[in-house]
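Before any comments, here is the structure.
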Amino acid sequence: MQGFAVLLVFYLVGMFIQKVLHVPLPSNVIGLVLFTLFLFMGLIKLKWVESAATFLNRHMLLYFAPIVAGTVFILPLVRGHVISIIVTFFLSWLAVLLSAGWTVKSLNGRSVKGTKQINSTSSHFSARRENT
């Protein structure tokens with residue numbers, strides 16, 4: 001439950017920042033960026049949120065079910081634009097993949113004093129977990 005509470009707090013902080021400062025980003029993105037920064041700075045321990053994140057990742061397919069079901073209803077509208085939709089999906093995926101990789105690589109180079117850098121072959125930030 002602690003992990004869900006931490007994630008919820010960052011979501012609510014992101015929502016507050018978006019409403020007060022009128023930032024043109026979704027509140028969940030703001031909260032996720034703040035959460036990632038706090039995690040890399042060592043202000044949040046991975047073990048606090050690891051079980052909640054594992055649970056959410058394990059059930060991620062359920063989050064896409066409404067989108068897939070909704071697509072069936074709009075299929076006649078997009079039938080003539082299939083190629084452009086596929087190209088857009090691919091380019092968006094590539095942009096997110098590259099920017100996420102670049103961000104993690106940049107933040108990993110600035111490891112917190114007293115912690116090891118994350119080994120690219122390790123899984124689930126095991127290098128950070130050793131220091132908690």
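The values are calculated or read from the model by the stated rules, or taken from the named source; none is laboratory data. Keep in mind the model is a prediction, meaning the values are calculated, not measured. All Cβ positions, even for glycine, are placed from backbone atoms using ideal geometry, and neighbour counts span all protein chains on display.
Working carefully through the options V20, V29, find the one that is within 19 Å of V104 (Cβ to Cβ) and free of Cβ contacts under 8 Å to residues at least 24 places away in the same chain.
Only one candidate passes the filter, namely V29.
Does at least one position in the range 56-68 carry a residue that is surrounded by 10 or more Cβ atoms within 10 Å (Cβ to Cβ) and either among the acidic types (D, E) or under 24 Å from V104 (Cα atoms) (or both)?
Within the range 56-68, one or more residues are surrounded by 10 or more Cβ atoms within 10 Å (Cβ to Cβ) and either among the acidic types (D, E) or under 24 Å from V104 (Cα atoms) (or both).
Of the residues S126, S92, which is at pLDDT below 80 and surrounded by 10 or more Cβ atoms within 10 Å (Cβ to Cβ)?
After applying the criteria, what remains is S126.
Spot the failing condition for H81; the list is (1) surrounded by 10 or more Cβ atoms within 10 Å (Cβ to Cβ); (2) under 17 Å from the mean Cα position of the chain (by Cα), and only one is missed.
(2)
Quickly run through the range 13-36 and pick out the residues that are in a helix (DSSP H, G or I) and loosely packed, with under 13 Cβ neighbours inside 10 Å.
Result: K19, V20, L21, V29.
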